[in-house]
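Heads up: the structure comes next, in structure tokens.
What follows is calculated from the coordinates using simple rules that are stated; it is not laboratory data. Every value quoted in this text rests on a predicted model; they were computed, and no experiment measured them. Backbone-built Cβ (ideal geometry, glycine too); neighbour counts: all protein chains shown.
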Amino acid sequence: MKRRFVFDVARGLTGVALLGGAVAFAQSAQNSAQKPVAKPIAKPTDDGFAKTITPFLNENCVRCHSEAKSKGSFRVDNLAPNFLDPLGKEKWHEIVNVLNSHEMPPKEEKQPAKEEVAKVVDWITQQMVKAELTRRDGQIVLRRLNRDEYKNTIRDLTGVDFDVSGFPADPAS
């Protein structure tokens, strides 16, 4: 009996220590999640844009998609290589789609070489992937255990039935 009591006390103290550590960890994680995180900027390779994209757009697209003549309300003369901007990314995605489907340039226009189109599509795709990875790196996902999950975790780790009624109510899902 005495031995069982000592074991229960030791397990209870271990549970309190674990609980204290878990609370401290949660508070430090919450504090770090609340700090403003500087949004990294995905810089496209200027070399690729200047050597590959700009000449391609000037030769094959600007004639019909510029300020002077904006077919389909789509302009490429003012298109910036900012792949983190959702609107800019959508325009670049549209360019990839029409090039891959051979919708542009139109059949009656001079067609670029397949290798040239492939270079443009590859560069844009690489920049979109880089921007997406950069965007994901800036996000911190912090998931909180609900009251039942927390109670069950403490019970499973320590064997102590922990009263969670003093915790804030779980938000509605």
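Give the shape of the range 71-135 as rounded, prolate or oblate, defined through the alpha-carbon gyration tensor: a ≥ b ≥ c are the square roots of its eigenvalues, a/c under 1.5 means rounded, and otherwise the shape is prolate if a/b is larger than b/c and oblate if not.
Oblate shape, in that a/c is at least 1.5 and b/c is the bigger or equal ratio.
Any idea how far apart residue 107 and residue 137 come out in nm if each label point goes 7 Å out from Cα toward Cβ?
Placing both labels 7 Å beyond Cα along the Cβ direction yields 4.6 nm.
Grab the Cα-Cα distance for residue 114 and residue 54, subtract it from 0.36 nm times how many residues apart they are, and report the gain in nm with one decimal.
19.9 nm
Would you mind checking the pairs 110/130; 71/110; 69/114; 51/110 and listing those with alpha carbons more than 22 angstrom apart?
As for pairs spanning more than 22 Å Cα to Cα, those are 110/130; 69/114.
Could you calculate the FRET efficiency of residue 73 with residue 149 from 1/(1 + (r/R0)^6), where r is the beta carbon distance between them and R0 is 45 Å, rounded to 0.05? Walk me through the numbers before you get to the answer.
Details: r = 51 Å, r/R0 = 1.12.
The pair residue 73/residue 149 has a calculated efficiency of 0.35.
Which whole-Hz ³J(HN,Hα) couplings does the range 74-89 yield from phi under the Karplus relation 6.51 cos²θ - 1.76 cosθ + 1.60, θ = phi - 60°, glycine and proline marked x?
Each residue of the range 74-89 in turn: 10, 10, 10, 6, 10, 7, 8, x, 9, 8, 7, 6, x, 5, x, 4 Hz.
Cα to Cα, under 16 Å, and not fewer than 8 places away if on the same chain: which aspartates and glutamates meet these conditions relative to residue 89?
77, 122, 132
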